[in-house]
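Okay, structure first, notes after.
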Amino acid sequence: TKLCVQVSCDGTHVLLVTLKGQVILWECTDTRDFAGLRDGPVKGHWMHIRPLEDTVLPSSRDKEASQ
């Protein structure tokens with residue numbers, strides 16, 4: 001399964017989207033300053049985002065989704 005991954009500028013949010021329309025969001029719950037952090041665990045939680053029934057998502061035939 002191919003994934004599209006988007007990471008926020010500050011690294012506190014990660015959005016994963018599959019070509020089949022599955023959307024998963026990770027949000028950081030850690031309150032530390034990450035400026036000097038290179039490795040190690042960071043606390044956060046995952047959420048499965050379900051679009052409304054009538055939402056039209058890009059298909060594999062759409063240019064952005066097929067590259």
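No lab work stands behind these numbers, since they all come straight from the coordinates. Just so we're clear, the structure is a prediction, and the values are computed from it rather than from any experiment. We place every Cβ from the backbone using ideal geometry, glycine too, and count neighbours over all the protein chains shown.
See the values below:
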{"item": "Of all residues making up region 1-27, the number that are more than 25 Å from L52 (Cα to Cα) and hydrophobic (A, V, I, L, M, F, W, C)", "result": "1"}
{"item": "Subset tally (residues that are out of contact with any strand residue (DSSP E or B) (no Cβ under 6 Å at 6 or more places or on another chain) and either of a type in the set (S, T, N, Q) or under 22 Å from D62 (Cβ atoms) (or both)) for region 19-43", "result": "5"}
